[in-house]
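Right, one structure below, let's go through it.
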Amino acid sequence: MFLEIEVRRVQCRACGKVKTERLDFLADNPFYTRRFAWHIGRRCRQSSIRDVSKEFRLDWHTVKSLEQQYMTEQLKRAGLPGPKAIGIDEISIRKGHTYRIVVSDLIRRRPIWFGGQDRSTASMAQFYTELGARKSAGIRLAVMDMWKPFRIATLEHAPQAAILFDKFHVMRHLGKALDAVRKSEYDRLSGKDRRYIKGQKYTLLSNRENLSTDGRKALKQLLAANKRLNTAYLLKERFGQLWDYQREGWARRFFEQWRDALKWQRLAPFETFADLIDRHWDGIAAYCRPENKVSLGFVEGLNNKIRVIQRRAYGLRDEEYLRLKVLTCMLPEL
């Protein structure tokens with residue numbers, strides 16, 4: 001595994017300094033070849049640094065440095081991005097509300113930027129500054145959640161881009177509204193009636209086809225026990241049809257009908273959600289245009305992949321290493 005290569009030291013005729021001879025087949029660590037560094041990098045894509053260091057009987061820091069060289073070469077070969085459709089989201093890197101922004105290329109289906117100090121407008125503007133004015137002008141679609149700083153930074157640096165709010169985050173707001181209704185009904189009931197609601201959060205928030213036979217029976221009893229909860233559940237399931245419409249006018253008509261169904265139902269969380277959708281309607285109706293048909297689940301799938309990376313390492317303190325792991329997790333192997 002170790003190499004015994006005599007690396008010559010020569011005197012430069014131009015500057016007169018003594019320099020070490022450069023060998024292209026060596027890694028940054030001169031004890032290992034580049035080919036071996038690539039092998040270590042490929043192994044670290046599926047295993048933790050500790051497992052790889054035990055497998056090859058190497059020091060933990062040696063494995064980490066070889067993997068970093070491998071990931072740096074991956075980014076170099078991938079080239080600078082020139083995205084047309086981007087997805088914007090934030091991830092938590094440690095406790096205490098410490099966030100970093102992740103930007104993805106939704107057409108090439110890979111992350112292209114990781115950074116910022118938080119999820120503010122200034123941090124989001126760093127992405128467009130590093131991307132450059134010319135490439136920022138080429139962005140035609142930006143998919144994000146309803147976080148205002150992301151929208152402000154995009155309108156300032158890429159005003160030509162259509163803003164589309166991610167369906168997952170919209171439905172998550174609706175899920176929270178349903179959860180609020182469930183808790184209010186639980187507080188209203190007493191005694192034996194509470195057994196129809198307590199511990200049934202998963203049953204309510206899951207799609208019916210994903211439930212087992214016992215889960216469907218529990219859902220039937222739960223909805224039969226309370227009419228308001230039944231109405232809230234049906235309204236939640238119905239709202240998902242909004243993204244099936246091909247024209248904005250039809251989508252708006254559906255939303256108005258869904259909003260009218262809230263009258264006299266005493267579902268205050270749902271009414272608050274309807275006001276939220278009305279204020280952000282342009283970012284939802286943008287999906288009706290054919291040119292904006294992109295995979296809305298990629299951004300959230302990437303977040304799940306990043307969380308797996310963090311769990312595998314039991315947390316990452318080296319932010320530069322985490323940045324390389326995030327940016328190369330979708331790139332092909334060398």
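A few points about this structure:
- Region 196-211, subset out of contact with any Lys or Arg (no Cβ under 8 Å at 6 or more places or on another chain) and not in a loop (DSSP other than H, G, I, E, B), residue modelled with the highest pLDDT: ASN210
- Just one of (1) of a type outside the set (Gly, Ala, Ser); (2) surrounded by fewer than 16 Cβ atoms within 10 Å (Cβ to Cβ); (3) closer than 16 Å to VAL170 by Cα; (4) modelled with pLDDT under 90 fails for PHE298. It is (2).
This table checks each residue for (1) in the same structural domain as ARG134 (by TED's automatic domain parsing); (2) modelled with pLDDT of 90 or more; (3) under 27 Å from the mean Cα position of the chain (by Cα); (4) of a type in the set (Asp, Glu).
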| residue | (1), (2), (3), (4) |
| --- | --- |
| PHE25 | no, no, no, no |
| SER53 | no, yes, no, no |
| ARG57 | no, yes, no, no |
| HIS61 | no, yes, no, no |
| GLN68 | no, yes, yes, no |
| GLN74 | no, yes, yes, no |
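- Residue check, GLY87 under 26 Å from MET171 (Cα atoms), in contact with a strand residue (DSSP E or B) (Cβ under 8 Å, 6 or more places away or on another chain) and among the small types (Gly, Ala, Ser): yes
- Residue in region 279-287 that is in a helix (DSSP H, G or I), in the same structural domain as ARG94 (by TED's automatic domain parsing), modelled with pLDDT of 90 or more and among the basic types (Lys, Arg) present: no
- Scanning region 82-120 for residues that are part of a loop (DSSP other than H, G, I, E, B), crowded, with 18+ Cβ neighbours inside 10 Å and touching a residue at least 40 places away in the same chain (Cβ under 8 Å) yields a count of 2.
- GLY240 being over 30 Å from ASP51 (Cα atoms), in the same structural domain as ARG182 (by TED's automatic domain parsing), out of contact with any Phe, Trp or Tyr (no Cβ under 8 Å at 6 or more places or on another chain) and part of a helix (DSSP H, G or I): yes
- Residues satisfying the stated conditions in region 217-252, i.e. touching a residue at least 40 places away in the same chain (Cβ under 8 Å) and loosely packed, with under 13 Cβ neighbours inside 10 Å: GLN246, ARG247
- Selected residue (only one of ALA133, ALA122, ALA158 is small (Gly, Ala, Ser) and touching a Ser or Thr at 6+ places or on another chain (Cβ under 7 Å)): ALA158
- Residue ID - farthest from LEU324 (Cα to Cα), chosen from residues in region 32-68 that are surrounded by fewer than 19 Cβ atoms within 10 Å (Cβ to Cβ) and of a type in the set (Asp, Glu): GLU55
- Just one residue in the set ASP193, ASP214 is surrounded by 12 or more Cβ atoms within 10 Å (Cβ to Cβ), modelled with pLDDT under 90 and more than 31 Å from the chain's Cα centre (by Cα); that residue is ASP193.
The values are calculated or read from the model by the stated rules, or taken from the named source; none is laboratory data. Please read all numbers here as calculations on a predicted model, not as lab measurements. Methodologically, a virtual Cβ is constructed for each residue, glycine included, from the backbone with ideal geometry; neighbour enumeration extends over all protein chains shown.
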